[in-house]
Amino acid sequence: MRYIFYHYNEYGTLVFDYYDDETHVSQSYVFYTLKQAVSKFRRDNGLQYKRIKISKLF
């Protein structure tokens, strides 16, 4: 299963932590909405047609 955990840091930056069976990726997005950031992350990492569970951390 693939997971993206996200939160906003103290500066308002959207931070993604992506996990799957083999990989961990940490990525930050500034001036993106959540929907735009998820789309860009999927496109940049070749995950456009994969199932990913997205959860807010806090």
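Here are the numbers:
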item: Failed condition for Gln36, given (1) open to solvent by 70 Å² or more (accessible area, probe 1.4 Å); (2) touching a helix residue (DSSP H, G or I) at 6+ places or on another chain (Cβ under 9 Å); (3) not aromatic (Phe, Trp, Tyr); result: (2)
item: Verdict on Lys53 being of a type in the set (D, E, K, R) and surrounded by fewer than 13 Cβ atoms within 10 Å (Cβ to Cβ); result: yes
item: Residue satisfying all of: in segment 35-58; touching a Lys or Arg at 6+ places or on another chain (Cβ under 9 Å) and among the hydrophobic types (A, V, I, L, M, F, W, C); modelled with the lowest pLDDT among these; result: Leu47
item: Of residues in segment 23-56 being in contact (Cβ under 8 Å) with a residue 40 or more places away in the chain and of a type in the set (Val, Ile, Thr), the one nearest to Tyr6 (Cα to Cα); result: Ile54
item: Any chance Arg42 is among the basic types (Lys, Arg) and surrounded by 10 or more Cβ atoms within 10 Å (Cβ to Cβ); result: yes
item: Tally, over segment 1-50, of residues that are among the polar types (S, T, N, Q) and assigned to a strand (DSSP E or B); result: 3
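The values are calculated or read from the model by the stated rules, or taken from the named source; none is laboratory data. Predicted model only: the values in this text are computed from it and were never measured. Using ideal geometry, Cβ is built from the backbone for each residue, glycine included, and neighbour counts are taken over all protein chains shown. Surface accessibility is based on the protein's heavy atoms, side chains included, excluding ligands, DNA and RNA. Shrake-Rupley method; radii C 1.70, N 1.55, O 1.52, S 1.80 Å.
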